[in-house]
Amino acid sequence: MAMSSIRKARGCWSFIRALHKGPDAAHAPQKEAVERVFSGIQPTGIPHLGNYLGAIETWVRLQETQGSVLYSVVDLHSITVPQGPAALQQSILDMTAVLLACGIDPEKSILFQQSQAKTATQKHGGTAGLLTYPVLQAADILLYKSTHVPVGEDQVQHMELVQDLAQTFNKKYGEFFPVPKSILTPMKKVKSLRDPAAKMSKSDPDKLATVRITDSAEEIVQKFRKAVTDFTSEVTYEPAHRPGVSNLVAIHAAVTRIPVEEAVRCGAGMDTARYKLLVADAVIEKFAPIKREIEKLKMDRGHLEKVLQAGSAKAKELAQPVCQEVRKLVGFL
Ligand SMILES: Nc1ncnc2c1ncn2[C@@H]1O[C@H](COP(=O)(O)OC(=O)[C@@H](N)Cc2c[nH]c3ccccc23)[C@@H](O)[C@H]1O
């Protein structure tokens, strides 16, 4: 790594340390452990504002400063609910198009399909144990000796299990796995527009609760217009007392990259009804170029397949020696 990128990387980690509010991992056992970023997303449906602000945007930032970065389209995780094979294949490619359109650059990140890289190290195919969701997530992360995992708050419990498993392995077989840390941003829990006590989620049955990256401008306006706030018309940021309007302020600040205080200032003199339209406009503007890029990328299926194939090959290369070493430590070799 050139000196300038090392300096940039250091700056980024101190930024991340400042943001990091998750359960701290124990001291990484290997002093020389390479810093490696890993994260994943399920290829189920179009990502929403929560996925984007809680995870994908940070992924894009990290690839600019970190030397070793892997992002996985976790298709094995998505089959915990029934998926038709053709639809699943299409969803994997669609998710790849979305991630590329959001700014993931295959020259800077290894972007790959989970099932394609896992099979390289598994002679017996998937087992029920492998498919046990949080254990599979631990395998994803540890297989590459990952040190940092950018995720939203809903993944923190899974991360605690990953940290436990790494420590348990190290206790038994000697210091081998770095204990991975979560990277959480201030947007770690974007709330539902219909119930600010709940997180925004792909599977919310209320279609107005979730803003997807590919929603039309009209849909976005309608969803923000119907966003649940409270009976006070002023725009303030008080997450504990006014979660609805505070969620809007946080979204506004994040998509326009301004501090929360400035977002509140922008809303000064407006009632919440007018402010909702301002936030809707900011979101529309943010997603417009991404939407255009998604449409372009989706027309070139061959390119998307190639990106995933190249990424899977690189991921396999990283996983192979780790897997070999684990086998040796456990006594399988
Ligand atoms: N409302 C929200 N506010 C803020 N962040 C949110 C919101 N909703 C979702 N996220 C974050 O989006 C990422 C992808 O979500 P998934 O549900 O596909 O994410 C999942 O289902 C994982 N189990 C996928 C996975 C599999 N293996 C891994 C290894 C490392 C990290 C992640 C994985 C996640 O970071 C998630 O926290």
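No lab work stands behind these numbers, since they all come straight from the coordinates. Given the structure is predicted, the values throughout are model-derived calculations rather than measurements. A quick note on method: Cβ atoms are made from the backbone with ideal geometry, for glycine too, and the neighbour counts reach across all protein chains shown.
Before moving on, here are some points about what is shown:
- Kyte-Doolittle at least -1.0, axis length at least 20 Å by Cα - qualifying DSSP helices, the chain: 3-19, 85-102, 156-173, 272-298, 301-330
- Residue among 317, 305, 218 with the largest mean-square fluctuation in a Gaussian network model of the chain, springs linking Cα atoms under 10 Å: 218
- Entry for the chain at q = 0.07, 0.09, 0.11, 0.14 Å⁻¹: log10 I(q)/I(0) = -0.30, -0.50, -0.74, -1.16, Debye formula applied to identical alpha-carbon scatterers, no solvent contribution.
- Cα-Cα over 24 Å, subset of 306/328; 171/328; 145/316; 189/286: 306/328
- Counting only residues at least eight positions apart within a chain, or on another chain, the aspartates and glutamates with an alpha carbon under 20 Å from that of residue 298 are 75, 94, 105, 107, 215.
- For residue 195, no residue 5 or more places off, or on another chain, has a built amide H under 5 Å of its own.
- Cβ-based net charge around residue 236, under 13 Å, with every Lys or Arg adding one and every Asp or Glu removing one: -3
- Whichever aspartates and glutamates have a C-alpha closer than 15 Å to that of residue 181, once near sequence neighbours (fewer than 8 apart) are set aside: 24, 35, 140, 153, 154, 160, 164
- Per-residue ³J(HN,Hα) for the range 35-42, Karplus 6.51 cos²θ - 1.76 cosθ + 1.60, θ = phi - 60°, Hz, x for Gly and Pro: 6, 9, 9, 9, 7, x, 9, 6
- Under a 5 Å amide H cut-off, with hydrogens placed 1.01 Å from N, residue 113 pairs with 73, 312 among residues at least 5 apart or on other chains.
- Comparing 269, 50, 67 in a Gaussian network model of the chain (Cα springs below 10 Å), the most mobile by mean-square fluctuation is 269.
- For the range 217-298: rounded, prolate or oblate by the Cα gyration tensor [a/c cutoff 1.5]: prolate
- Its Cα centre serving as origin, the range 217-298 has a Cβ charge dipole (Lys and Arg +1, Asp and Glu -1) of approximately 340 debye.
- If you run the Gaussian network model on the chain, springs between alpha carbon atoms under 10 Å, then out of 82, 239, 321 the most flexible one is 82.
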